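Peer 1: First the structure, which I've put down as structure tokens, then a few questions once you've had a look.
The values are calculated or read from the model by the stated rules, or taken from the named source; none is laboratory data. These numbers come from a predicted model, not from an experiment. So basically every Cβ, Gly included, is an ideal-geometry build from the backbone, and we count neighbours across all protein chains shown.
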């Protein structure tokens, strides 16, 4: 018979002192990625993939952009070829876009 797993370190604090567990965070991230990808590519509007922002180390699931394959990786005008800061400036995407969308996702998820 195995020992019970200690879950004390897995709780994620939320504003106001309410704790959220890992499953809550996983569902929130999945909701966010699905919502953002559903917007289509920020540059051309085609169906999108989720680009995890390279500006955050370590990589964060909550900071990303919806980009089609051409603007994500396939062409020399892609974020991976140009570099993220240059790409965002070239296409007039504010650096705060990913954070702002994450905040919107959190509010929408709480309302569900």
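Peer 1: Test of understanding: among 50, 56, which residue is surrounded by 12 or more Cβ atoms within 10 Å (Cβ to Cβ) and at pLDDT 90 or above?
Peer 2: 50
Peer 1: If residue 105 meets every condition in (1) surrounded by 13 or more Cβ atoms within 10 Å (Cβ to Cβ); (2) in contact with a helix residue (DSSP H, G or I) (Cβ under 8 Å, 6 or more places away or on another chain); (3) free of Cβ contacts under 8 Å to residues at least 60 places away in the same chain apart from one, which number is that one?
Peer 2: Every condition holds for residue 105 apart from (3).
The rows are residues; the columns are (1) outside any helix (DSSP H, G or I); (2) over 16 Å from residue 37 (Cα atoms).
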| site | (1), (2) |
| --- | --- |
| 59 | yes, yes |
| 72 | no, no |
| 87 | no, yes |
| 94 | yes, yes |
| 105 | no, no |
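Peer 1: Taking the conditions exactly as written (in a loop (DSSP other than H, G, I, E, B), modelled with pLDDT of 85 or more and surrounded by 14 or more Cβ atoms within 10 Å (Cβ to Cβ)), does residue 33 satisfy them or not?
Peer 2: Taking the combined requirement at face value, the residue does not satisfy it.
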